Amino acid sequence: MSVELTISHSRLWWQPEGEDEQPAHWNVSADVWPMTRCADRYRHVADIAVSVADISPELSLLDSIDLGDWSTEFIAETVLDLAKGSLVSELDRRVSQGPERMLILNRVEVQPAWRGHGLAGPLTAAALHRFSQMARLAVCRLSPADFMDAAPDRITAELASLRLGGMLERIGFFLWNGVYVVDLRSTELIDASLEPLERWGPYSGRQDEIAS
């Protein structure tokens, strides 16, 4: 209950306001609150990295990415109507209205000491919801190739990709033509971010007492 999120965005000192690079890269660090007693080796909990991309007609996502970033290219070509510079119509109807931007979820990494407690989903959901006033949706493209550097073989990489996909679906993402998508204002995302409160909050395990 003492884990806090710190959201940071870096840019060059000489870049004026409003002239950040596109897409803009943000990092979310989950750490045990400094005033909480905790061994230093356990204080850092997780890292989440996202990019905020403009999807308005004036700014093309494909014009702003590295040509070698196949994952981002696939996302753009799947969820965007490149001729109009907007979400494809069917997806547009499934996502709440808001700023014409989307988040690209690049990385979720829970520190080894904190794994096995079901924290990846709630922390990711909480981090993404913090951007709900900045963008309409979040997207993520998963492939076993993303895990090959850390996995001993392709089967392990494929299982890691499936597990992460399952985690995304549990917090409200749905699969759209090979891309995971979530409405940043969805109740599923909010509920997933609060799930640890049901397990470890002050009223966990006291439903019968509360009901009486």
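The values are calculated or read from the model by the stated rules, or taken from the named source; none is laboratory data. Quantities reported herein were computed from a predicted structural model and do not represent experimental measurements. Don't worry about glycine lacking a Cβ; one is built from the backbone with ideal geometry, like all the others, and counts go over all protein chains shown. Surface areas here come from the heavy atoms of the whole protein model, side chains and all, with no ligands, DNA or RNA. Shrake-Rupley method; radii C 1.70, N 1.55, O 1.52, S 1.80 Å.
Take the conditions modelled with pLDDT under 90, part of a helix (DSSP H, G or I) and among the small types (Gly, Ala, Ser) and apply them to SER71. Does it pass? Please lay out each step first, then the result.
On the way: modelled with pLDDT under 90: yes; part of a helix (DSSP H, G or I): yes; among the small types (Gly, Ala, Ser): yes.
The answer is yes for SER71.
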When every residue in segment 160-170 that is out of contact with any Leu (no Cβ under 6 Å at 6 or more places or on another chain) and free of Cβ contacts under 8 Å to residues at least 24 places away in the same chain is compared, the one most open to solvent (accessible area, probe 1.4 Å) is ARG163
Look at ARG101 and say whether it is in contact with a Ser or Thr (Cβ under 9 Å, 6 or more places away or on another chain), at pLDDT below 95 and either aromatic (Phe, Trp, Tyr) or farther than 20 Å from GLU4 by Cα (or both). yes
request  = State yes or no: is PRO202 modelled with pLDDT under 90 and crowded, with 16+ Cβ neighbours inside 10 Å?
outcome  = no
Apart from one, (1) at pLDDT 90 or above; (2) outside any helix (DSSP H, G or I) all hold for TYR42; the odd one out is (2)
Taking first residues from segment 61-82 that are over 19 Å from SER143 (Cα atoms) and second residues anywhere that are modelled with pLDDT under 70, the pairs with Cβ under 6 Å that are 6 or more apart or on different chains are SER64/GLN22
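Just checking, which of SER29, SER96 is assigned to a loop (DSSP other than H, G, I, E, B) and at pLDDT 90 or above? Give the steps one after another, and end with the answer.
Numbers: SER29 fails: assigned to a loop (DSSP other than H, G, I, E, B).
Within the list SER29, SER96, the selection yields SER96.
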Flagged pairs (Cβ under 9 angstrom, 6 or more apart or on separate chains; first in segment 28-47, under 22 Å from PHE131 (Cα atoms); second of a type in the set (Lys, Arg)) are VAL28/ARG130; ASP31/ARG43; VAL32/ARG43; ASP47/ARG107
Going through segment 171-196 in order, the residues found to be closer than 21 Å to HIS117 by Cβ and either modelled with pLDDT under 80 or surrounded by 16 or more Cβ atoms within 10 Å (Cβ to Cβ) (or both) are ILE171, GLY172, PHE173, GLU188, LEU189, ILE190, ALA192, SER193, GLU195, PRO196
Of those in segment 122-159 that are of a type in the set (Gly, Ala, Ser) and surrounded by fewer than 21 Cβ atoms within 10 Å (Cβ to Cβ), the residue modelled with the highest pLDDT is SER132
